Amino acid sequence: MAGIQISSVAKRFGAVAALNDVSLTVGQGEFIALVGPSGCGKTTLMRIVAGIESADAGRILVGGRDVTRSRAADRDIAMVFQSYALYPHLTVAQNIAVPLAMRRLSGADRLPLLGRFLPGAARRRAAIAQDVAAVARSLGLEAMLDRRPGQLSGGQRQRVALARAIIRRPAAFLMDEPLSNLDAALRVQTRREIVDIHRAAGVATLYVTHDQTEALTMADRVAVMMAGRILQVATPEEIYADPQDLRVATFIGSPRINTLAAEAGADGVVRLAGEAVGLVATPGPLTLALRPEDLWIAESGIAATAEAVEFLGESVLLHARHASGEPVILRLPPEAPRPRPGTALRLGFDPARALLFDAAGRRVAAHAPAERALV
Ligand code: ATP
């Protein structure tokens with residue numbers, strides 16, 4: 001199978017288990033964003049796929065070929081990292097041409113004087129120049145081909161780095177935080193450009209970021225990693241609305257999903273501070289999780305006290321506190337009435353959108369009771 005297949009990869013650094021039995025398949029033409037907090041093992045996994053680091057166990061296939069023991073240069077992978085790693089003394093055109101020159105020109109071809117007189121060298125150079133022009137055109141870099149990296153903006157430099165990566169037509173792309181050096185506006189623009197390039201090239205792409213907005217907006221599927229394990233791989237919509245692990249639920253979404261300690265009694269009725277919340281689950285301690293936009297101020301429901309309001313333009317965040325002391329944030333329309341700090345509130349929610357997790361943080365099924373209880 002084409003794309004990238006990572007099977008049961010493990011890696012330790014002394015006492016630190018950086019990767020535990022990690023498996024992930026990036027299909028042909030697929031874009032997977034790998035997200036997770038700092039230190040969870042993202043970079044280590046990328047370095048192992050790239051062949052810069054070796055795994056203690058497991059296998060890596062690229063384009064259907066087992067490359068576990070291949071050198072980085074023999075893996076048919078192009079990499080784009082946050083530092084652009086352009087050659088400062090070469091022009092944009094020369095920088096983009098580097099991978100082709102390495103592959104298509106002999107050592108003698110590349111010599112400045114002798115190279116000109118070798119048979120076929122001129123033809124090979126012309127073919128490279130044509131490929132460079134085509135890639136530069138597709139990335140809007142035509143006007144900059146004679147400049148040096150020092151004469152470009154950060155976004156333009158990143159585009160040159162992308163051009164250099166795609167010109168090789170690799171079997172896979174690895175991108176590690178390629179936008180982190182760009183300012184906010186440029187990130188949004190370059191985000192779209194990378195997605196467009198990926199679509200046009202149709203190459204399996206593994207994209208590391210700690211920015212969940214980047215992951216949700218760019219990827220076909222998102223892989224959430226924590227403490228050296230991949231917890232869930234799913235479409236952005238599923239990861240957001242249907243997280244299978246409490247750590248995934250709390251990592252994805254801003255503001256963070258609200259979490260409240262709850263309990264399902266022997267009768268299965270889920271109660272929050274003694275009040276039934278309209279759900280039935282397997283008896284035991286639970287966490288009830290609700291996105292800020294899934295709560296509203298109601299006549300009855302979860303008891304809370306208003307604390308502060310933040311105006312965000314397109315919405316308002318109402319910070320409140322549950323009777324248990326746990327914070328609760330609501331995202332309300334900007335025109336909604338804003339309760340004063342200290343006001344006692346009741347918060348309603350749609351039980352169909354409530355997420356329940358067991359004591360180990362695993363998602364558990366929540367059912368609406370036969371007869372609807374409170375809320
Ligand atoms: P960040 O988002 O901060 O870059 P990350 O998810 O990429 O983090 P890794 O760099 O892969 O995380 O690191 C995973 C774990 O392995 C961390 O605990 C890190 O301290 C450890 N680690 C990584 N490289 C080495 C190394 N060469 N020697 C020892 N420990 C290492």
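Rule-based calculations on the coordinates, nothing more; no lab input. Everything numeric here is computed off the predicted structure, so don't read it as measured data. FYI the Cβ positions are ideal-geometry reconstructions off the backbone, even for glycines, and counts take in every protein chain you see.
Seen from Ala171, the other residues with C-beta closer than 12 Å to its C-beta sum to a net charge of +2, counting Lys and Arg as +1 and Asp and Glu as -1. Under 5 Å between amide hydrogens, built in the peptide plane, is the criterion, and for Met79 it picks out Leu174 among residues at least 5 positions away or on other chains. Taking the C-alpha atoms only, the angle from helix 121-138 to the longest principal axis of the chain is near 30 degrees. Each other residue within a Cβ distance under 10 Å of Arg353 adds +1 if Lys or Arg and -1 if Asp or Glu, for a net charge of -2. Summed over qualifying helices (DSSP H, 4 residues or more, each -39500 (n - 2.57)) and divided by its residue number, the chain shows a 222 nm mean residue ellipticity of -7500 deg cm²/dmol.
Amide H contacts of Val208: Leu34, Met175, Asp176, Glu177, each under 5 Å away and 5 or more positions distant or on a separate chain (H built 1.01 Å from N in the peptide plane; Pro and chain starts excluded).
Of Trp296, Val16, Gly202, which is farthest along the charge dipole of the chain in the positive direction, counting Lys and Arg as +1 and Asp and Glu as -1 at C-beta? Sorting the options by dipole projection puts first Gly202. Divided by 2.2 N^0.38 Å, where N counts the residues, the Cα radius of gyration of the stretch 179-334 comes to 1.26. Taking a quarter of the surface of the Cα convex hull of the stretch 242-318 gives a mean projected area of 6.2 nm². The charge dipole of the chain, taken about its Cα centre with unit charges on the Cβ of Lys, Arg, Asp and Glu (plus for the first two, minus for the last two), comes to roughly 2100 debye.
When both the stretch 166-188 and the stretch 201-220 are represented by their alpha-carbon centers, they are found 9 Å apart. Normalised by the number of residues in the stretch 215-276, the mean separation of alpha-carbon contacts (under 8 Å, six or more apart) gives a relative contact order of 18 percent. With R₀ fixed at 22 Å, the C-beta to C-beta distance from Arg346 to Arg256 puts the FRET efficiency at about 0.50.
For the listed peptides 291-300, 22-31, a ranking on the average number of other beta carbons within 10 Å per residue, highest first, reads 22-31, 291-300. For the stretch 192-266, what mean projected area does the convex hull of the alpha carbons give, in nm²? Approximately 6.6 nm², given one-decimal rounding. A cut-off under 15 angstrom between Cβ atoms defines the neighbours of Pro236, and their net charge, with Lys, Arg +1 and Asp, Glu -1, is -4. Across the stretch 42-56, coupling constants 3J(HN,Hα) worked out from phi with the 6.51/-1.76/1.60 Karplus curve, θ = phi - 60°, read 4, 5, 4, 5, 4, 5, 6, 5, 6, x, 8, 10, 9, 8, 6 Hz, and Gly and Pro carry x. Residues Tyr207, Tyr240, Tyr87, ranked from the fewest to the most other C-beta atoms within 10 Å, line up as Tyr87, Tyr240, Tyr207. Proximity of backbone amide H atoms, modeled 1.01 Å from N, is registered between Thr343 and Ala306 at under 5 Å, excluding neighbours fewer than 5 places apart on the same chain.
Given Cα pairs under 8 Å that are at least 6 residues apart, what percent is the relative contact order of the chain?
16
Under the convention that each Lys and Arg Cβ holds +1 and each Asp and Glu Cβ holds -1, the size of the dipole of the stretch 255-364 around its Cα centre is about 140 debye. Computed from the alpha carbon positions, the gyration tensor of the stretch 3-241 leads to an equivalent ellipsoid with semi-axes of 33, 21, 15 Å, biggest first. The value given for the stretch 255-364 is a Kirkwood hydrodynamic radius of 14.2 Å, derived from the mean inverse Cα-Cα separation.
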